[in-house]
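*Asks:* Sharing a structure here in structure tokens format.
The values are calculated or read from the model by the stated rules, or taken from the named source; none is laboratory data. Note that this is a predicted model, so its numbers are computed, not measured. Neighbour counts are summed over all protein chains in view; Cβ atoms, including those assigned to glycine, are modelled from backbone coordinates with ideal geometry. Just so you know, the surface numbers come from the protein's heavy atoms only, side chains and all, with ligands and any DNA or RNA stripped out. Shrake-Rupley method; radii C 1.70, N 1.55, O 1.52, S 1.80 Å.
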Amino acid sequence: MLDSITKKKIDDARDILVGKVPVPSSQVEQITIALIYKFMYDMDIESIEMGGNPKYFTGDFAQYAWNKLFDQRLSGEGRVILYQDALAKIPNNASIPTLFRDIFKNAFLPYRDPETLKLFLKCIDEFTYEHSEKLGDAFEYLLAVLGSQGDAGQFRTPRHIIDFMVELIDPQKEDSILDPACGTAGFLISAYKHIIKTNSSNYDKDTDPHTFASHGTPLDELVILNGKKYNGDLLTPDQRAFLHKNLKGYDIAFEMVRLSLVNMYLHGFNTPQIYEYDTLTSTDRWNEYANVILANPPFMTPKGGIRPHQKFSIQAKRSEVLFVDYMLEHLTNNGRAGIIVPEGIIFKSDNAYKLLRKLLVEENYLVGVISLPGGVFNPYAGVKTSILWIDRALAKKTDKIIFIKVSSDGFDLGAQRRPCDANDLPTAFDNAQAFKKAILSGCEYQAPESDVIVVEKKRLAESGHYNLSGERYGVALIRDSSRYEMVPLGDLCNLYQPQTITGKELREDGEYPVFGANGIIGRYNKYNHPDSEIVITCRGATCGTINITVPKSWITGNAMVAKPKSDCVSKQYLYYILKNSDLSATVSGSAQPQITRTSLSPFLIPLPPLSVQKEIVAELDSYQKIIDGAKQVVENWKPRIDIDPEWPYIKLGDICKLVRGVTYSKGDEVSVDGFPILRANNIDLSGNLNLDDIKLISKFLKFRDDQLLRKNDIFICLASGSKQHIGKACFIPEDTSFYFGGFMGAVRVTSSIVLPKYLYHMIMDDSFNQYLRRRISGANINNLSSSILNEYSIPLPDIALQQSIVQCIESEQKLVDANRELIKLYEHKIKDRIDKLWKS
């Protein structure tokens, strides 16, 4: 078990390295190599003390024994040279097991500062090992550090989610198990522990708690879960040998392979089956199959896509599509898999995504989809994910697919992911098992009233999209039992696209507003609709968006009008119904999505009596007024500082500096094993950091330590084709593992007379924005230079008053955030009220 001393030593080692090795994953790599180096030396010393001979550092390699690094006669530069030579030569030491030689493959010292190396080695030297358990504890903590960081598209899977998936898929002792994007081997280790546990004589399937509610401790062949020890005593020697030989992992990045090798070794695998392998572009292992595949493959695809080989059944350039396709094709006939996928796999309409979903459903791979909460991968991404539950044998026995929603996983969804009481995982697991049991017994599965939907496969195929969003079918299922008459929209409304006018015809001084697909786009001197009308976006990325116009407006042809034919339906009621309906089934086309009169006319809506419609509209209008009021607060609030004319004005050049980001080209972008880069689109309109779209840049570029975003940095857009984006900024509250691109910068405080957060608010003030608009220049790209920034002056009170101002702004910000939550709450109330219309 990790003790506070070991934890502190790891933290100390990271603190020593951070100035020279700022990226957390690289820190973990350096510490791991040094720990293994020291561990081999400790084993040599133990052998000598027991009357034997050293095993690892002998002959010509004795000069590289760990203690040689502390020779008092060594100069600082001499120590650097010796350590570099040792890292380079250890892989050639035939006395060292192949596993350890592989761990040291391509190892290098990424800095040449003698003092940093001296402090680092001294810190590592304080670790002592009586057993590999101590090294295991240190490594478990290192992996936890790595798990709190995310390279773009390569987010470490939380252990409880891994354990949940492993229990769901239930790997057996006779299974061959594969993770084709293994990272640190988390899925393989969890699968191993599961098999050890379920093959122990003290294991009780009915009473032992779920693994995903516990934290295991590795002790070679001993597994401790929930305080109970399992030793796999029911496994024969041959079965153990088979297990060790048939847990396999691939990863494209050798840094990850190295960590996997160490992790597997510390769990008793002397010859781990971990390989450096590009799953998507290499064919060397194409003919290797597995009974069980468990994975969380990278979500990120570089611009231009991936150029895969031609063996894939689905031709695509998106990594998430290719990885899922790979796993389906490499399962045995009755194989099982658990795969974490991003939302694109679930509902995107591009042809490759639709073909993949069709394959999952029609070829009897998919049993269920488990929707995870959006914050599972916090703090480094709010990306929404789901688990594909694949069981080829089970899928062949049923014509249905189960959709399970997990709203909470036992941790809050904030950046810190603190434990909380709400945890839907055990219930989700039980529902999945009940569905499986019903299939195997030939009984009808009775789904609970909430969070579970069972849909027939033929229903998924109706639109040709094979959409795997469970909530969509949930509403559809409820609609079938509505107590009100279901009427086609085409019977209630005239559906038409009005005359289009061009941009050249718009007039700034026009008397009437012009409504396009997504709202007002200009003004015109005529109107073609005297009354307000419901308009539906019928082309493009926002296809299916619903708006309502104002009286006396011109509606263009990019929007379809739904005009009631009679007084049997209230226009406002119809607006609420359509705005809160899923129209995706009426959308066709992937490159250019569109809705036509033909596709929209059959869409069914419930039609209660007009008096009931009016009651519903009155209720929803009251909710909408609250939403509109809260939006006014959110949209109009800006921090305001009352400037005292007595405050001195200080130039920014005297209190801060501007650090420009890494200059790179599209050719420097990579799909894996690169440094994560943040750009202008990673700052949202509210001034918050958005990590949903991150690029990876080749490590062959020269990155400076100061180009890594740090605590208290002001991350700011310096250059753009549009002046409107220049000066867009956000505050960085904690150290990160992200670099920033060349059009971006970090404003970094250099003086103790200013608080970073106060400076941030000054930079976000309209006065600074107006200053930039006057000063920025450039023929093609507008640019915020250091000289422009340095010349700007801000009013600067004393530190105590700055602190008071910042606290006041943050208090106001909390109220604004509360209004954002109010908007979400009442939007949900509207949706709930609409959903009730479908229920009997």
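*Asks:* Mind telling me which of the residues S793, S840 ends up being hydroxyl-bearing (S, T, Y), touching a helix residue (DSSP H, G or I) at 6+ places or on another chain (Cβ under 9 Å) and at pLDDT 90 or above?
*Replies:* Values: S840 fails: at pLDDT 90 or above.
Being hydroxyl-bearing (S, T, Y), touching a helix residue (DSSP H, G or I) at 6+ places or on another chain (Cβ under 9 Å) and at pLDDT 90 or above holds for just one of S793, S840, which is S793.
*Asks:* Open to solvent by 40 Å² or more (accessible area, probe 1.4 Å), assigned to a helix (DSSP H, G or I) and at pLDDT below 85 - does that describe any residue in segment 724-732?
*Replies:* yes
*Asks:* Looking only at helices (runs of 4 or more DSSP H) that fall completely inside segment 377-492, which ones have 3 or more residues that are at pLDDT 90 or above?
*Replies:* Fully inside segment 377-492 and qualifying: 392-395, 425-441, 489-492.
*Asks:* Please determine, by comparing only the residues of segment 579-595 that are at pLDDT 85 or above and in contact with a helix residue (DSSP H, G or I) (Cβ under 8 Å, 6 or more places away or on another chain), which one is farthest from G544 (Cα to Cα).
*Replies:* Residue satisfying both the conditions and the ranking: N580.
*Asks:* Taking only segment 622-673 into account, find how many residues are in contact with an Asp or Glu (Cβ under 7 Å, 6 or more places away or on another chain), part of a strand (DSSP E or B) and buried (at least 16 other Cβ atoms within 10 Å of the Cβ).
*Replies:* So the answer is 1.
*Asks:* Applying the selection to segment 182-198, what residues are open to solvent by 20 Å² or more (accessible area, probe 1.4 Å) and assigned to a loop (DSSP other than H, G, I, E, B)?
*Replies:* Across segment 182-198, the qualifying residue is only T184.
*Asks:* Turning to a different aspect of this structure: Go through (1) surrounded by fewer than 20 Cβ atoms within 10 Å (Cβ to Cβ); (2) touching a residue at least 60 places away in the same chain (Cβ under 8 Å); (3) over 24 Å from W838 (Cα atoms) for M560 and report which single condition fails.
*Replies:* Answer for M560: the failing condition is (1).
*Asks:* Evaluate the following for V455: is it in contact with a strand residue (DSSP E or B) (Cβ under 9 Å, 6 or more places away or on another chain), of a type in the set (A, V, I, L, M, F, W, C) and crowded, with 19+ Cβ neighbours inside 10 Å? Steps first, answer last, please.
*Replies:* Values: in contact with a strand residue (DSSP E or B) (Cβ under 9 Å, 6 or more places away or on another chain): yes; of a type in the set (A, V, I, L, M, F, W, C): yes; crowded, with 19+ Cβ neighbours inside 10 Å: yes.
When the stated conditions are applied, V455 passes them.
*Asks:* Of the residues Q802, Q807, only one is in a helix (DSSP H, G or I) and open to solvent by 30 Å² or more (accessible area, probe 1.4 Å); which?
*Replies:* On the way: Q802 fails: open to solvent by 30 Å² or more (accessible area, probe 1.4 Å).
Only one candidate passes the filter, namely Q807.
*Asks:* Related question: Just name the residue that is farthest from S349 (Cα to Cα) out of those in segment 570-582 that are touching a strand residue (DSSP E or B) at 6+ places or on another chain (Cβ under 7 Å) and surrounded by fewer than 20 Cβ atoms within 10 Å (Cβ to Cβ).
*Replies:* So the first thing to find is which residues in segment 570-582 are touching a strand residue (DSSP E or B) at 6+ places or on another chain (Cβ under 7 Å), and the list is 571, 574-575, 577-579.
Those left that are additionally surrounded by fewer than 20 Cβ atoms within 10 Å (Cβ to Cβ): 571, 579.
Numbers: K571: 31, K579: 21 Å.
Looking at the filtered set, the residue picked out is K571.
*Asks:* Then there's this: Would you mind finding the one in F700, F743, F715 that is within 30 Å of D817 (Cβ to Cβ) and open to solvent by 40 Å² or more (accessible area, probe 1.4 Å)?
*Replies:* On the way: F700 fails: within 30 Å of D817 (Cβ to Cβ); F715 fails: open to solvent by 40 Å² or more (accessible area, probe 1.4 Å).
It is F743.
*Asks:* Look through I595, I577, I605, I616 and report the one residue that is touching a Ser or Thr at 6+ places or on another chain (Cβ under 6 Å), of a type in the set (V, I, T) and more than 30 Å from K757 (Cα to Cα). Steps first, answer last, please.
*Replies:* Working: I577 fails: touching a Ser or Thr at 6+ places or on another chain (Cβ under 6 Å); I605 fails: touching a Ser or Thr at 6+ places or on another chain (Cβ under 6 Å); I616 fails: touching a Ser or Thr at 6+ places or on another chain (Cβ under 6 Å).
One residue alone meets the criteria, I595.
*Asks:* Could you pull out the residue among Y41, Y56 that is farther than 30 Å from Q707 by Cβ and either open to solvent by 70 Å² or more (accessible area, probe 1.4 Å) or not in a helix (DSSP H, G or I) (or both)? Spell out the reasoning first.
*Replies:* Working: Y41 fails: either open to solvent by 70 Å² or more (accessible area, probe 1.4 Å) or not in a helix (DSSP H, G or I) (or both).
Y56 is the lone residue from the list that is farther than 30 Å from Q707 by Cβ and either open to solvent by 70 Å² or more (accessible area, probe 1.4 Å) or not in a helix (DSSP H, G or I) (or both).
*Asks:* Let me ask another. Among residues belonging to segment 347-364 that are of a type outside the set (D, E, K, R) and in contact with a Gly (Cβ under 9 Å, 6 or more places away or on another chain), point out the one that is modelled with the lowest pLDDT.
*Replies:* Within segment 347-364, the first condition is being of a type outside the set (D, E, K, R), and the residues that meet it are 347, 349, 351-353, 355-356, 359-361, 364.
After this cut, where a residue has to be in contact with a Gly (Cβ under 9 Å, 6 or more places away or on another chain) as well, the list is 349, 353.
Numbers: S349: 77, Y353: 89.
Of everything passing the filter in segment 347-364, S349 is modelled with the lowest pLDDT.
*Asks:* Do the conditions hold for I534, that is, is it of a type in the set (V, I, T) and modelled with pLDDT of 85 or more? Can you show your working first?
*Replies:* Details: of a type in the set (V, I, T): yes; modelled with pLDDT of 85 or more: yes.
Yes: the conditions hold for I534.
*Asks:* Also, I was wondering about something else. Look through D582, D567 and report the one residue that is closer than 29 Å to G470 by Cβ, acidic (D, E) and assigned to a loop (DSSP other than H, G, I, E, B). Write out each step before concluding.
*Replies:* On the way: D567 fails: closer than 29 Å to G470 by Cβ.
Just one listed residue meets the conditions, D582.
*Asks:* Going through segment 275-294 one residue at a time, which ones are open to solvent by less than 50 Å² (accessible area, probe 1.4 Å) and in a strand (DSSP E or B)?
*Replies:* Matches in segment 275-294: A290, N291, V292, I293, L294.
*Asks:* Testing N291 on (1) at pLDDT 85 or above; (2) within 30 Å of A107 (Cβ to Cβ); (3) over 26 Å from the mean Cα position of the chain (by Cα), one condition comes back false. Which one is that?
*Replies:* Condition not satisfied by N291: (2).
*Asks:* Let me ask another. Which number in (1) in a helix (DSSP H, G or I); (2) open to solvent by 10 Å² or more (accessible area, probe 1.4 Å); (3) in contact (Cβ under 8 Å) with a residue 24 or more places away in the chain; (4) closer than 27 Å to Y141 by Cβ marks the one condition that E77 misses?
*Replies:* The number of the failed condition is (4).
*Asks:* Taking the condition farther than 22 Å from V166 by Cβ, open to solvent by less than 30 Å² (accessible area, probe 1.4 Å) and either under 17 Å from the mean Cα position of the chain (by Cα) or among the basic types (K, R) (or both), does S386 pass?
*Replies:* Details: farther than 22 Å from V166 by Cβ: no; open to solvent by less than 30 Å² (accessible area, probe 1.4 Å): yes; either under 17 Å from the mean Cα position of the chain (by Cα) or among the basic types (K, R) (or both): yes.
No; evaluated as a whole, the condition is false for this residue.
*Asks:* Now, a different point. Give the residues of segment 1-33 that are buried (at least 20 other Cβ atoms within 10 Å of the Cβ), in a helix (DSSP H, G or I) and at pLDDT 80 or above, sorted by residue number.
*Replies:* First, the residues of segment 1-33 that are buried (at least 20 other Cβ atoms within 10 Å of the Cβ): 10, 13, 16-17, 21-25, 27-33.
Now drop any that are not in a helix (DSSP H, G or I), which leaves 10, 13, 16-17, 24-25, 27-33.
I10, A13, I16, L17, Q27, V28, E29, Q30, I31, T32, I33, listed by residue number.
*Asks:* Identify, please: which residue in segment 393-428 is open to solvent by 20 Å² or more (accessible area, probe 1.4 Å) and in contact with a helix residue (DSSP H, G or I) (Cβ under 9 Å, 6 or more places away or on another chain) and is, among those, farthest from P733 (Cα to Cα)? Write out each step before concluding.
*Replies:* Within segment 393-428, the first condition is being open to solvent by 20 Å² or more (accessible area, probe 1.4 Å), and the residues that meet it are 393, 396-400, 405, 407, 411-424, 426-427.
Next, only the ones that are in contact with a helix residue (DSSP H, G or I) (Cβ under 9 Å, 6 or more places away or on another chain) stay: 397-400, 405, 411, 423, 426.
On the way: K397: 52, T398: 51, D399: 50, K400: 47, K405: 32, F411: 21, N423: 29, P426: 35 Å.
By that ranking, first place goes to K397.
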